[in-house]
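We did not get these values from a lab; they are worked out from the coordinates using the rules stated. If you're wondering where the values come from, they're calculated on a predicted model, not measured in any experiment. Neighbour counts are summed over all protein chains in view; Cβ atoms, including those assigned to glycine, are modelled from backbone coordinates with ideal geometry.
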Amino acid sequence: PRLLDDEEGGVVFLSSSLSSASSIGYGYASIEKQRQRLPVYKYRTAILYLVETHATTIIVGETGSGKTTQIPQYLKEAGWADGGRVIACTQPRRLAVQAVASRVAEEMGVKVGEEVGYTIRFEDFTNKVRHLSSYLSIFGVIIFVMHAGISSLAVQDLTAIKFLTDGVLLREMMDDPLLTKYSVIMVDEAHERSISTDILLGLLKKIQRCRSDLRLIISSATIEAKSMSAFFHARKGRRGLEGVELVPRLEPAILSVEGRGFNVQIHYVEEPVSDYVQAAVSTVLLIHDKEPPGDILVFLTGQDDIDATIQLLTEEARTSKKNSSGLIILPLYSGLSRAEQEQVFSPTPRGKRKVVISTNIAETSLTLEGIVYVVDSGFSKQRFYNPISDIENLVVAPISKASARQRAGRAGRVRPGKCYRLYTEEYFVKEIPAEGIPEMQRSNLVSCVIQLKALGIDNILGFDWPASPPPEAMIRALEVLYSLGVLDDDAKLTSPTGFQVAEIPLSIWVSGRGAQKELDEAKLRFAAAEGDHVTFLNIYKGFLQSCKSSHWCHKNFINYHAMKKVIEIREQLRRIAQRIGIVMKSCESDMQVVRKAVTAGFFANACYSEAYSQSGMYKTVRGSQEVYIHPSSVLFRVNPKWVIYHSLVSTDRQYMRNVISIDPSWLLEVAPHFYQQHRLNPIH
Ligand code: ADP
Ligand code: MG
């Protein structure tokens, strides 16, 4: 994050000690006043009444109306957290979980971890002894870990309101299938229709049958409330007598919170733009030059293009002849440090203009005050899965009309605003779809299937989904699990206690500091000829040798906090391994063992380069799809004949991220069943 200084136009780093809006003067109303001004406040009584009398309440309301931060507090005030019960509120995104929990704690005048807590994978800030029911992977390697009775310890839980990702709540069901400690579960941002949200909705509907005391709130900015209501209403074998009113009523209640958004003027580009990073930068500078004060929110797709935009914008602002001083340029994406998050939420100093460059996290999950201008690239990163080729990509893809409207709406929170769409009006009207496709219908379902199996849901194909996944994707997932040995011939989990897969891409490099050259040099210091995974191992060893020094990390462009997480995850894995009786043994310096281990987990991602191919092009073994090594990999331009990748990203081409070189004979060794079964064996 940079602040362009008024006088010199130079780059000055903001101190990270900025506190959030409410604790600084700036003429901000007291927290209680702010709470009462939010649109949901008028509906407080209605919400509490509906929750009391209905098993499920669906609440739709404009982003920023106070759903996430206020409703859990209303519930607590009304006694839903009495007697040691907990109010849960789920979010699809980790960053939102943290940000919202700290805001609510602040409003309640408590510290995070006291009455208000949050849990995301690897971090548990609820008032409770940390427990180990996380299923982990290091360096992106999928590791199967048996869930060996790591049940909650008998500890008094003082948390009244708990924010958590929907994935974490699913995991809690392993220990407590009926989620008995929760009195109300609010599934927030339900319109996002992430896989975890959809699985959760299906399972919560089942839980409701056994727990008439449980209340559900489904909340979102734009949800199709009718179809969600129909989903929760349609029940086989309803209990109760005809004509007798059940309390709570099973028919969901629907409440729409009236927003108070101001008018937003939409501007389109006249000609399609070829480079949205450049177009976004020019647009921001134009707004800054021509428009009255007010902050700018730019929607891009991910850390890469956000960092590129910040770099370009900082340069152009500095060299521009126009008045471009006074810009505070800040990124917003998951993985930001606490201090960086705080800056985004802190009020803009007088005479300055904040420019927040964000992923779609600012579309509905987080509300930024003071935004008057929105610049919309028209794209976001989305997961797409092709069950035929079994390839899942994170693709930069056009957003839906519904998303575009949400993005524009962010400009009208404090006063009438303007939205600059970096696409033509014709494109908006004719080309982009009205609604997005639920993630469930465009994803690899392997971990989804395992999760359900582990929860004892055996008839996966007959599961009651809010939106059914394609049967081919389900069958493909079952097939993969079968060949991995996770499912037996009866399609049951091979371990009695259940398995869980989790895949966590850890990014340990510091980036976005505008020093690409130094970063590249730092990477070279650890680069291993075998590939990225071994490079990560070198970094890990280096970190240990430095006695886990933050100075060492800084010097080497490594994210110290990420490394501390790496150590923590390793420790958790070690303890789980110990508990289930796996004997730990070091591979010493034998990197072949490491490479084989990666091969065993990722055999389905093997690729080879055609003989004599100079272009760096690879073909996937399973689908003969064209792929290339990503420039961030240490194997970029090295191009070993056989590689395994961890993930694919699509931009102009399909790029493999985190790549390791392998010996093709290992594939037959670790997964003979798989390669024969698919007859996709070009190994020669
Ligand atoms: P919704 O969930 O309906 O989109 P929220 O409950 O997230 O709305 O936000 C309600 C209001 O709370 C926002 O308009 C904003 O004023 C304030 N708010 C939320 N989070 C923060 C934060 N981290 N810092 C400052 N204000 C915040
Ligand atoms: Mg919200």
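Numbers at a glance
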{"item": "Total lysine pairs whose alpha carbons fall under 20 Å of each other in region 311-451 (8 or more apart, or interchain)", "result": "9"}
{"item": "Extension gain, residue 431 back to residue 383 (0.36 nm per residue minus Cα-Cα distance, nm)", "result": "15.3 nm"}
{"item": "Area projected by the alpha carbon convex hull of region 585-654, averaged over all directions, nm²", "result": "5.5 nm²"}
{"item": "Neighbour-count order for 555, 352, fewest beta carbons within 10 angstrom listed first", "result": "555, 352"}
{"item": "Residue 541/residue 319 FRET efficiency (R0 25 Å; Cβ-Cβ; nearest 0.05)", "result": "0.05"}
{"item": "FRET efficiency, residue 338 to residue 554 (Cβ-Cβ, R0 22 Å, nearest 0.05)", "result": "0.80"}
{"item": "Stokes-Einstein translational diffusion, region 350-484 - Kirkwood Rh over all Cα pairs, 1.306 mPa s, 10 °C, in µm²/s", "result": "90 µm²/s"}
{"item": "Sequence-distant lysines (8 or more away, or on other chains) whose Cα lies within less than 19 Å of residue 565", "result": "541, 548, 555"}
{"item": "Debye intensity ratio I(q)/I(0), log10, region 266-341, q values 0.11, 0.22 Å⁻¹ (C-alpha model)", "result": "-0.30, -1.14"}
{"item": "Region 532-584: proportion of alpha-carbon pairs further apart than 17 angstrom, %", "result": "41 percent"}
{"item": "Mean projection area, nm², convex hull over Cα of region 627-669", "result": "3.0 nm²"}
{"item": "Exposure proxy order (Cβ contacts within 10 Å, fewest to most) of 384, 602", "result": "384, 602"}
{"item": "Residue order, fewest to most surrounding Cβ atoms within 10 angstrom, among 618, 420", "result": "420, 618"}
{"item": "Cα-projected label distance for residue 114 with residue 175, points at 7 Å along beta-carbon direction, nm", "result": "2.4 nm"}
{"item": "Euclidean distance between Cα centres, region 433-496 to region 85-112, Å", "result": "31 Å"}
{"item": "Region 317-385 versus region 247-311: alpha-carbon centroid distance in Å", "result": "10 Å"}
{"item": "Rg/Rg_globular for region 160-310, with Rg_globular taken as 2.2 N^0.38 Å and Rg from C-alpha atoms", "result": "1.51"}
{"item": "Lysines whose Cα lies under 24 Å from that of residue 641, excluding same-chain neighbours fewer than 8 positions away", "result": "523, 596, 619"}
{"item": "Spin-label zone in region 577-599 - amide nitrogen under 11 Å from a point set 7 Å from the Cα of residue 641 along the C-beta vector", "result": "none"}
{"item": "Amide H partners (placed H, <5 Å) of residue 654, local residues excluded", "result": "628"}
{"item": "Under 20 Å from the Cα of residue 492 - aspartates and glutamates, other chains or at least 8 residues apart", "result": "175, 458, 464, 472, 479"}
